[in-house]
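Trainee: Quick one: structure below, then a few questions.
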Amino acid sequence: MDLGSLLIQALNAAQYGLLLFLIASGLTLIFGVMGVINIAHGSFYMMGAYFAFTLTGLTGNFFIAVFLGAILSALIGAFLEWALFSHLYKRDHLEQVLLSYGLILIFEELRSIFVGDEVHAVAVPAWLNFSIPLGDIMTYPAYRLFMSSVCLLIAIGLYVLIRRTRLGSMIRAGTSNSGMAKILGVNTSLVNRTVFSLGVALAAFAGMLNAPAAAVSPGMGMEVLIVSFVVVVIGGIGSVWGALLASMVIATAVTFGSVFFPSVAGMLTYVIMAMVLLWRPEGIFKQ
């Protein structure tokens, strides 16, 4: 593999890893703070992709569609937490799984009713619809670099939110010991609703951001759900920074594994998870 090809694969790994982090960070926050196993998280990713497709068609502008879709996603997350998940915090995890599985079916049916079962595409914004030369013959799409930059900015924003704000301190307290945080005066109901809304918005934003780079199709949420859970397990439940590290490790292994070991590339994600669980069952970053 020459230097140009190596650079392209490295960029692909970074882009995939940062996108996966957006999805998995919301999932690990929801589980770490609220103790809720939400297997409908992939449906929020799918919802975002379909928001991008529908709202871009209505507004004629991809970025306006993303802005509106992010607001709608956060509101939907707040409503779901208030109407459904807030009643399950003290329940068994099986009940949480059953509820979120029901949401998967509901989202899939709503998608079928309102948008249909066809595969759709979202056009890349005109000012990003070009490629950057890498060497004499290779190029790399500018939009994918844009995606990586946006994901990186959001990762930095999450760091500032969690480490440098009052809300972040309440989220950290809820992750460590929600019962003690409540005794000390933290409004855990508000924290839970905020975290759930943030998690839904992050997953939906990832779907919207990736829509111009991939097909918008039925069942696309299930494709990322399993990998997202693997990232959460490897990184450590409740750890955003563990999710970031695990996302980059998985993305690098999958991307380069597809090039050098194509026959076993699909296994690498689960081999890494098994190795981490044998070495550190609580994940890389234990909360």
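Trainee: In degrees from 0 to 90, rounded to the nearest 10, what is the angle of the helix 265-279 Cα long axis to the longest principal axis of the chain?
Mentor: Taking Cα atoms only, the helix is inclined about 40 degrees.
Trainee: A follow-up question, please. Could you list the chymotrypsin sites (Phe, Trp or Tyr not before Pro) in region 118-220 that lie in coil according to DSSP, counting only those with at most 12 other Cβ atoms within 10 Å of their Cβ?
Mentor: Phe130
Trainee: Can I ask one more? When only Cα pairs under 8 Å and 6 or more residues apart are kept, what is the percent relative contact order across the chain?
Mentor: After rounding, I find 37 percent.
Trainee: Here's another thing I want to ask about it. Between helix 3-29 and the chain, what is the angle of the helix's C-alpha long axis to the longest principal axis, kept within 0 to 90° and rounded to the nearest 10?
Mentor: The two axes meet at around 20 degrees.
Trainee: For the chain, with a Gaussian network of springs between Cα atoms less than 10 Å apart, report the residue from Met170, Met275, Met222 with the top mean-square fluctuation.
Mentor: Met275
Trainee: Separate question: Skipping prolines and chain starts, which residues have an amide H placed within reach, meaning under 5 Å, of the one on Gly283, given they are 5 or more residues away or on another chain?
Mentor: Long-range HN contacts for Gly283: none found.
Trainee: Find the centroid of the Cα atoms in region 227-287 and in region 94-117, then give the distance between the two in whole Å.
Mentor: The distance from the Cα centre of region 227-287 to that of region 94-117 comes to 27 Å.
Trainee: Please find, in a Gaussian network model of the chain (springs between Cα atoms separated by less than 10 Å), the residue of Val271, Val36, Val195 whose mean-square fluctuation is greatest.
Mentor: Of Val271, Val36, Val195, the Gaussian network model singles out Val271 as fluctuating most.
Trainee: Moving on. Find the relative contact order for region 94-156 and round it to a whole percent, using C-alpha pairs within less than 8 Å whose residues are 6+ positions apart.
Mentor: That works out to 17 percent.
Trainee: Give me the angle, in degrees from 0 to 90, between the Cα long axis of helix 220-235 and the longest principal axis of the Cα atoms of the chain, rounded to the nearest 10.
Mentor: Taking the Cα atoms of the chain, the angle to 220-235 is about 70 degrees.
Readers should treat all values here as calculations from the given coordinates under stated rules, not as data from a laboratory. On a predicted model such as this, the values are computed, not experimentally measured, just so you know. Neighbour counts run over all protein chains shown; Cβ positions are idealised from the backbone, glycine included.
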